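Notes follow once the structure below has been shown.
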Amino acid sequence: MQQQTEETASLPNGIDLCFDTFGERDDPALLLIMGLGGPLTWWAPELCQILADRGFFVIRFDNRDVGRSTKLDWAGGRRTDVVKTFIRTKTPPPYTLSDMAADGVGLLDHLGIDTAHVTGVSMGGMIAQTMAIDHPDRVLSLVSIMATTGRRSVGWQDPRLLPRLIAERRSREQFMAQSVVTWAAIGSPAYPLPPADIRARAAETFDRGVSAAGVARQTLALLAQPDRSRALRELDVPALVIHGLADRLVHVSGGRATARAIPNAELLLIPGMGHDLPRELWPVLADGIERTAKRAKVESPS
């Protein structure tokens, strides 16, 4: 597989997004949205190539405040604000999930793409849901993976994870060591990733550009998200909801609630899957994305 060439899209809102693509430009677009603090490289290039081989023009990108995209350092982002917000003392977020969804639409505009199939993981799944709500004319199909509706009574997090998630990791070595601990806690128990692989991915993530304040800003956007349940009921788009039954970071109740809310959504619950995308499950994910995209063709007016 050839090395992908990264590009930068300068959006009208002042955000620069780093992105790359796989596949043929004339194929249907598939926009991949990663979760909290995750750069585009967390969409494994081998998985992206599998999707391109299924007939998609695959687009992955660094969200704002991640990797090589714009860091909004002027907008604050203190760990204390995150902790206070977790205990119900709300801190206004510097931006919202709707702003991040608009970034995705802006990237499509930059590429001259009118409509796309959209798949998101974790926070990226919530952004993908928001994109379908805010910009329904741009989304052909929706795949929401290990995400939730924003309703506080579903998709909760194991409270024992919070100290690990907000722990300071200033040096490259600290970041790699803490990543091993974190992914051991939230990853898929049936498909454990070797610590050496976790360290390698962490090193790549650190080298792309890690911003603790940026992750805090994204977290504040997550904590301020509205309950999308009612808006999701108004969607008219083929949808697939995937969730692991062993997810400790976003409880499976979040996936179930998402599937209940979206009319005619397919729900795929996977035993032994935690809060990651194990290599062993890539064929299942690719099948689901392709299956949902084909529903869009069948259900389109044409």
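The values are calculated or read from the model by the stated rules, or taken from the named source; none is laboratory data. Just so we're clear, the structure is a prediction, and the values are computed from it rather than from any experiment. Cβ sites come from the backbone with ideal geometry, for glycine too, and all protein chains shown count toward neighbours.
In contact with a Lys or Arg (Cβ under 9 Å, 6 or more places away or on another chain), touching a residue at least 60 places away in the same chain (Cβ under 8 Å) and surrounded by fewer than 19 Cβ atoms within 10 Å (Cβ to Cβ): does that describe THR130? Judged against the criteria, THR130 is not a match. Note on the range 166-187: residues that are part of a helix (DSSP H, G or I) and either of a type in the set (A, V, I, L, M, F, W, C) or buried (at least 16 other Cβ atoms within 10 Å of the Cβ) (or both) amount to 13.
Take the residues in the range 285-302 that are among the hydrophobic types (A, V, I, L, M, F, W, C) and either over 30 Å from ARG201 (Cα atoms) or at pLDDT below 95 (or both); name whichever of them is surrounded by the fewest Cβ atoms within 10 Å (Cβ to Cβ). Applying the filter and picking the extreme gives VAL298.
Please work out if THR148 is modelled with pLDDT of 95 or more, part of a loop (DSSP other than H, G, I, E, B) and out of contact with any Cys (no Cβ under 6 Å at 6 or more places or on another chain).
Values: modelled with pLDDT of 95 or more: yes; part of a loop (DSSP other than H, G, I, E, B): yes; out of contact with any Cys (no Cβ under 6 Å at 6 or more places or on another chain): yes.
Yes; evaluated as a whole, the condition is true for this residue.
If the requirement is being more than 18 Å from the chain's Cα centre (by Cα) and touching a residue at least 40 places away in the same chain (Cβ under 8 Å), which of these qualifies: PRO271, PRO263?
Numbers: PRO263 fails: touching a residue at least 40 places away in the same chain (Cβ under 8 Å).
None of the other options fit; the residue is PRO271.
Give ASP53, ASP65 a once-over and let me know the one that is buried (at least 24 other Cβ atoms within 10 Å of the Cβ) and closer than 17 Å to LEU32 by Cα. Going through ASP53, ASP65 in turn, the sole match is ASP65.
Please list, ordered by residue number, the helices (runs of 4 or more DSSP H) wholly in the range 188-284 having 3 or more residues that are surrounded by 15 or more Cβ atoms within 10 Å (Cβ to Cβ), modelled with pLDDT of 95 or more and touching a strand residue (DSSP E or B) at 6+ places or on another chain (Cβ under 9 Å). Steps first, answer last, please.
On the way: elements: 195-209, 212-223, 229-233, 252-261.
Result: 252-261.
Among the residues that make up the range 110-127, is at least one of them closer than 23 Å to ARG79 by Cβ, touching a residue at least 60 places away in the same chain (Cβ under 8 Å), outside any strand (DSSP E or B) and of a type in the set (Ser, Thr, Tyr)? Yes, the conditions are met somewhere in the range 110-127.
Scanning the range 128-162 for residues that are of a type in the set (A, V, I, L, M) and within 17 Å of ALA29 (Cα to Cα) turns up ALA128, MET131, ALA132, VAL139, LEU140, LEU142, VAL143.
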